[in-house]
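Below: the structure, in structure tokens.
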Amino acid sequence: MSTPAGSGSATDPGIQAAAAQVAAEVPDGACVGLGSGRAASAFIAALGTRVRRGLRITAVPSSEASAHLARSLGIELVDIDEEMPLAVVVDGADEVAPNLDLVKGRGNAFVRERIVTAAARRQVIVVDPRKLVPMLCGRDDGGFPVEVIPLAKGLVMRKLKALSLRPAVRLDRASGTPVVSDNGNLIFDCDVPAPLSEAGAREIDAAARRIAGVVDTGLFLGTADEVLVGHPDGRVESLRRGG
């Protein structure tokens, strides 16, 4: 379930170009959401450059790693304000279907990414062309993650298997111990028996969410307003929902 080395790297010319494009559109005084991972890091770096040149913004990070990077670049961080939604959240994705449905969370921050996305007016996704797929969860490393409260580990494992999924506790590559999210929970990587159609993705997402102890899934369905595809030659392609 890991992302191939170098895929979507923050130093990839296409990712940098796409991140710079969306960062250039952030207006003075805006509050923005910061995703997690390589593409989000490129966006945060581009924002940091604008902040050093005088841009005044605040931001809400979706992970401790994004928060650390933003602080190091002089970006002011705030909590989500009940009075005003975020102007935009910019993030990456592991897979993007033609209808802009997403798989996210092969990093570990998808629950917080969901919250920040829900607080934003728009979600813009930055990816390289390799993340574009005909159907979700159709690759050899495909599937989607589920965040699980530790007490419910056995129950959730049984219920997910009953949905014909093949769940496995995500392990840290270095230590071999279970990965713990920033929320203190476990992450299950769920292989699927076949690629997910649009309807199938919604059905399995809803069924997984109904299981007691499941916090969230990495299926982000209908959330993306725009996907910026950064090509290796630096060209940026814009895909819009319904476009």
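No lab work stands behind these numbers, since they all come straight from the coordinates. The structure presented is a predicted model; accordingly, all values stated were derived computationally and were not measured. Virtual Cβ from ideal backbone geometry, glycine too; neighbours counted across all protein chains shown.
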Counting only GluC sites (Glu not before Pro) that are in a DSSP loop and have at most 16 other C-beta atoms within 10 Å, tell me the longest site-free stretch of the chain. 84-243
Please compute the volume of the convex hull spanned by the alpha-carbon atoms of region 96-165 and report it per residue in Å³. 124
Among bridges DSSP assigns within the chain, what percent are antiparallel (round to 5)? 55
What Kirkwood hydrodynamic radius do you get for region 144-217 when you take the inverse of the mean 1/r over all pairs of distinct Cα atoms, in Å? 12.5
Can you run the Rg to Rh ratio on region 54-190? Use alpha carbon positions and the Kirkwood inverse-distance Rh. 1.00
Going from the fewest other Cβ atoms within 10 Å to the most, one would list LEU86, LEU34 as LEU86, LEU34
Taking the Cβ of each residue in MET84, MET157 as the centre, tally the other Cβ atoms inside 10 Å and list the residues starting with the fewest. MET84, MET157
Could you grab the Rg to Rh ratio for the chain? Cα atoms only, Kirkwood for Rh. 0.96
So which trypsin sites (Lys or Arg not before Pro) in region 192-223 are both in a DSSP loop and have at most 10 other Cβ atoms within 10 Å of their Cβ? ARG210
In region 1-110, trypsin sites (Lys or Arg not before Pro) in a DSSP loop with at most 13 other beta-carbon atoms within 10 Å: ARG53, ARG56
Working only with C-alpha atoms, what are the Rg and Dmax values of region 27-89, expressed in angstrom? 10.6, 30
